[in-house]
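To start, the structure under review is shown below, and the notes come after it.
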Amino acid sequence: MCYAIPARLVEIKDNIGIVDYFGERKKALIDYSDVKVGDYVYVQGGILINKVSKKEAEEILEAFKELFFQLKKIDKNLAKVENKTASKNLLEILQKINLNKTLTKDELLTLLNVTEKNELKILFETANNIRQRKHGNACCVHGIIEFSNYCKNNCFWCGIRKDADIVRYRMKLDEIITASLYAIKKLNFKALVLQSGEDNWYTEEILSKIISELKKLNILIFLSIGERPVNTYEKLYKIGARGVLLRFETSNEKIYKELKPESTLKQRLQLIKDLKNMGFVLATGFLVGLPQETDEDIINNILLTKELKPDMYSFGPFIPKEGTPLQSQKLIDKYKILKIIAITRFVDKNSNILVTTAQETLDKNLKKLALLSGANSLMINLTPQKYKDLYCIYPRNNDSNVERLIEENIKLLYSIGRAPLDLGLYKDLSN
Ligand code: 5AD
């Protein structure tokens, strides 16, 4: 979980610290030299990344304290399971979930096929209740900078595939640093995802340079740059990258082979496992709604993600993009996405589940519903405005500038009692 209000370091054992937020204690891997018990620190994705002076920390905590407990109350109220009407079968499955029993595939399929209004309600409320019990009201809010839309691959689903007839861009080192500095110094972000197509123009050397510059800012750096040699990732880890976002896209080998011809599912999964073993904070997941995908595939996707032991689940609906081979594919139903979020929460109760931009594209109200159905994490697009429309993996609305996006997100989070602690203090928006 990512709290980016300061925490007090209360215990150190080897390289693991115990940190305290208003009485809540969490474990954190220490990735910052020169800290001792009693210091105030920032933790992101379970990693202690920076120190903050006592004076500054106490000021922030004092200002946030009241709001923190107010939000907690709102969240707790919304996380009650009010509706109890459902079929005997569904109630039995939910009972099994509450007793921490493993559900069979058939039971998971039953959950995915719930359609009746009251039953959907109990499903989503139960997932939200578990989310609240496991994570409290914290919500990770990470920023993403899409730094290049060049790609050497031709994935059938993707709007920036190599053969797509689009205007291409690459951000230079100084542009990436400027955008990151703005995100960190002005907008208070403590974790940034750097995303691009698979673009080998950014060699290991160039990527190393970007990371070593960003590392000086003491943030959590996530990479979402696709398949690169294991030793490149090893080097980037050494320099200071700590997170990777790499989806396996689909667990169905046949679909994978047809739609992502340049790689194999086996090699992608191996890389994901290697990255996890290297110590990266791992975000992974899949696309929902690819052609020929069955409900069983969806359940397999959830279970495979769990097997990979992700620190964060990232999945979203496939959104057809004009000019790609899958342009005529039908959009999936938004309730299916919500059910997948809820089922993920049931099968991996402690998980972090991201609301992805594609979910928002599918339906503008989906973000709030997703957060109330088990999700607990958000990403905000910090790509410079002039490049946003060019990063057209799928059609999306890029109208809001960054400041407005943040304001909209914070308002939404406050309305449902979530504390966007990664962004620090936005107390003025609470009324
Ligand atoms: N719709 C939704 N998501 C997509 N992605 C690629 N193309 C699409 C699309 N048309 C997702 C993939 C990839 C991530 C960066 O974007 O899952 O891993």
Practice problem: Spot the failing condition for ILE49; the list is (1) under 30 Å from GLU293 (Cβ atoms); (2) among the β-branched types (Val, Ile, Thr); (3) in a strand (DSSP E or B), and only one is missed. | Solution: (1)
Exercise. Would you check if ILE166 is within 16 Å of the ligand (Cβ to nearest atom), more than 19 Å from VAL281 (Cβ to Cβ) and of a type in the set (Val, Ile, Thr)?
Key: yes
Quiz item: From the set of residues in the range 183-232 that are hydroxyl-bearing (Ser, Thr, Tyr) and touching a residue at least 12 places away in the same chain (Cβ under 8 Å), which is farthest from GLU146 (Cα to Cα)?
Solution: THR232
Quiz item: Does LEU217 count as surrounded by 17 or more Cβ atoms within 10 Å (Cβ to Cβ), modelled with pLDDT under 95 and over 25 Å from ILE393 (Cα atoms)?
Solution: yes
Quiz item: What are the residues in the range 340-383 that are touching an Asp or Glu at 6+ places or on another chain (Cβ under 7 Å) and assigned to a loop (DSSP other than H, G, I, E, B), if any?
Solution: ASN352, THR383
Quiz prompt | Whichever residue in the range 308-328 is among the hydrophobic types (A, V, I, L, M, F, W, C) and in contact with a Leu (Cβ under 6 Å, 6 or more places away or on another chain) and, among such residues, is nearest to the ligand (Cβ to nearest atom) | solution = PHE318
Practice problem: Collect the residues in the range 246-304 that are within 11 Å of the ligand (Cβ to nearest atom), of a type in the set (A, V, I, L, M) and either more than 24 Å from LEU223 (Cβ to Cβ) or touching a His at 6+ places or on another chain (Cβ under 6 Å) (or both), keeping them in residue-number order. | Solution: LEU290
Quiz item: Any residue at all in the range 178-186 that is under 23 Å from LYS306 (Cβ atoms) and of a type in the set (Val, Ile, Thr)?
Solution: no
Quiz prompt | Residue satisfying all of: in the range 196-214; touching a Ser or Thr at 6+ places or on another chain (Cβ under 7 Å), of a type outside the set (S, T, N, Q) and outside any loop (DSSP other than H, G, I, E, B); modelled with the highest pLDDT among these | solution = GLU204
Quiz prompt | Every residue from the range 169-192 that is away from the ligand (no atom under 16 Å from the Cβ) and touching a His at 6+ places or on another chain (Cβ under 8 Å) | solution = PHE189, ALA191
Quiz item: For the range 8-17, does any single residue satisfy the condition of being within 25 Å of ILE410 (Cα to Cα) and surrounded by 18 or more Cβ atoms within 10 Å (Cβ to Cβ)?
Solution: yes
Practice problem: Quick one: count up the residues across the range 84-105 that are surrounded by 11 or more Cβ atoms within 10 Å (Cβ to Cβ), within 27 Å of GLY417 (Cα to Cα) and under 29 Å from the mean Cα position of the chain (by Cα). | Solution: 3
Exercise. Have a look at ILE255, ILE302 and point out the one that is closer than 27 Å to VAL141 by Cβ, surrounded by 18 or more Cβ atoms within 10 Å (Cβ to Cβ), touching a residue at least 24 places away in the same chain (Cβ under 8 Å) and among the β-branched types (Val, Ile, Thr).
Key: ILE302
Self-check item: Test for ILE272: is it within 27 Å of ILE210 (Cα to Cα) and out of contact with any strand residue (DSSP E or B) (no Cβ under 6 Å at 6 or more places or on another chain)
Solution: no
Quiz item: Give me the pairs: first residue in the range 149-171 and more than 16 Å from PRO320 (Cβ to Cβ), second residue modelled with pLDDT under 95 and within 14 Å of the ligand (Cβ to nearest atom), beta-carbon distance under 6 Å, and six or more apart or on different chains, which are they?
Solution: ASN153/GLU262
Quiz prompt | Any hit, the range 150-164, residues being touching a Pro at 6+ places or on another chain (Cβ under 7 Å) and buried (at least 20 other Cβ atoms within 10 Å of the Cβ) | solution = no
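The values are calculated or read from the model by the stated rules, or taken from the named source; none is laboratory data. Quick caveat: nothing in here was measured; it's all calculated off a predicted structure. Cβ atoms come from the backbone with ideal geometry, glycine included; neighbour counts cover every protein chain shown.
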